[in-house]
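The values are calculated or read from the model by the stated rules, or taken from the named source; none is laboratory data. Worth saying up front: this structure is predicted, and the values here are computed from it rather than measured. Because the Cβ atoms are built from the backbone with ideal geometry, glycine has one as well, and the counts that use them run over all protein chains shown.
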Amino acid sequence: MLVVTTPNIEGKRVTQYLGLVTGETILGANIMRDFMASITDIIGGRSTAYEESLKEAKRIATEEMIAEAQRLGANAILSVDLDFETVGQGSMLMVSLSGTAVVIE
């Protein structure tokens, strides 16, 4: 499955537009990760615990979106938009993706 943020793919022709596909995930941040992140904030540096959570949430949401596109018979997803939000007093991370499922040749 080809997944791109652009509205078209150079050298490929869209033969069928199958509609909007999405993928969402919400991951809770645990207390130990929050504690370690707060220490990192104080002393400086990157919060690898949160970076890993972000990568995992993005992976799950992407897989969900691809599965939906495959069910529709798509072989590509165009114009993918990725959005990150915190929910629940900042204790959870929400990642949502959306794009257009298409058949290309």
Legend entry - Subset of region 85-105 (residues that are at pLDDT 85 or above and out of contact with any helix residue (DSSP H, G or I) (no Cβ under 7 Å at 6 or more places or on another chain)): E85, M94, S98, T100, V102, V103, I104, E105
Inset, instruction - Give just the number: which of (1) at pLDDT below 95; (2) within 23 Å of I60 (Cα to Cα) does V21 not satisfy? - result: (1)
Legend entry - Scan of region 50-69 for residues that are farther than 17 Å from V4 by Cα and either of a type in the set (D, E, K, R) or loosely packed, with under 12 Cβ neighbours inside 10 Å (or both), ordered by number: E51, E52, K55, E56
Inset, instruction - Please work out if V80 is modelled with pLDDT of 95 or more, within 11 Å of the chain's Cα centre (by Cα) and assigned to a strand (DSSP E or B). - result: yes
Legend entry - Hits in region 63-86 (condition: closer than 19 Å to I9 by Cα and not small (G, A, S)): M65, I66, Q70, N75, I77, L78, V80, D81, L82
Inset, instruction - Please work out if L72 is surrounded by 11 or more Cβ atoms within 10 Å (Cβ to Cβ) and either modelled with pLDDT under 75 or more than 11 Å from the chain's Cα centre (by Cα) (or both). - result: yes
